[in-house]
Amino acid sequence: MRLLAKATIVAIPVLGLLAAAPVATMYLRQDEYLFPVRHSGEPVLPGGIWQREYLDLPGAGRIAFRFADVRRDSTAPVLLFLHGNGSSARLASGDVQALADAGIPIVAAEYPGYSDNPGSPSEASLNATAEASAAWARARWPGRRLAVLGESIGSAPAVHLTTTSRADLLILDSGFTSMTDTIRLHVPWLPAVQWLNRHPMDNLGRLRAAPKPLPPTLVLLFASDPVVPVAMGEALAAAIPCSTVYRSALTGHAVLRGDPASREVLRRWLLEPHDRACAATASAG
């Protein structure tokens, strides 16, 4: 009996350590999981119609990004593209190349720690990048409407701009309700995610708490998404009174990259005079 008691006393802390080890790993290495291509990939470079410019971002340094302006449509809004965590400014610019060729001015933002930029990505630094990129775009194209496109994790800084009155139009591509919800979905055994996650990115909470009306919004969804459930995008659309949903018949993640037809949908939507229609809808509601 004494031997069994001693073995039990030893086993309890050992089991505790074994249980705590994956939790500690998830907490300490979550930035690697959330931002998998940070500190990798080629630097931001100009090419074709795409030019390179820089932002001085406090806490990070000189951040390079891409933009295109072929000056073919003086009435088109400016599109600020905030890409997903597995993408880059170079890949994002390729996804919207047809829009840039059609004359829509585009800023393909890049994050700290991505594409050889200094600093590290985080919820705070993505929001700071979005704010600085939006200010740069407003200064370069004064008087133009600013459309903010958030892809996957980029939906968080896009919603941040929208709920702080920095966006005239919003596009959410494969957006999630919150990063906490998304982690809980993929790692259901992980306890107390709300305390372990340092980057909550609560898109749905922000939208629900934001002053109304919110700007006209286009939500891009796949028929099925293995990374972010379609239901999360539907919940975001439901929280925005004046939202339009494009549902691709395909399966994947990041609609603009995976469904070429969505790019024409986005181009047409950007050029529509939906501001007035949205205001009327919001007033009627």
**Prompt:** Looking at segment 161-243, which chymotrypsin sites (Phe, Trp or Tyr not before Pro) are DSSP coil and have at most 14 other C-beta atoms within 10 Å of their C-beta?
**Reply:** Trp189
**Prompt:** Does anything in segment 127-146 have its amide N under 14 Å from the 7 Å Cα→Cβ label point of Tyr54, and if so which residues?
**Reply:** none
**Item:** Unit charges at the beta carbon, dipole of segment 104-235: most positive-side option, Gly150, Asn197, Pro215
**Value:** Pro215
**Request:** Could you give the size of the charge dipole of segment 35-284 about its Cα centre, using +1 on the Cβ of each K and R and -1 on the Cβ of each D and E, expressed in debye and rounded to the nearest 20?
**Result:** 360
**Complete:** Charge tally for neighbours of Phe176 with beta carbon under 15 Å away, counting Lys, Arg as +1 and Asp, Glu as -1, is -4
**Prompt:** Summing Lys, Arg as +1 and Asp, Glu as -1, what charge do residues with Cβ under 13 Å from the Cβ of Ala92 carry, Ala92 excluded?
**Reply:** 0
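Taken together, the values in this text are just the output of simple stated rules run on the coordinates, not laboratory data. No experiment lies behind these values; they were computed from the predicted model shown. Positions of Cβ are backbone-derived with ideal geometry, glycine not excepted, and every protein chain shown enters the neighbour counts.
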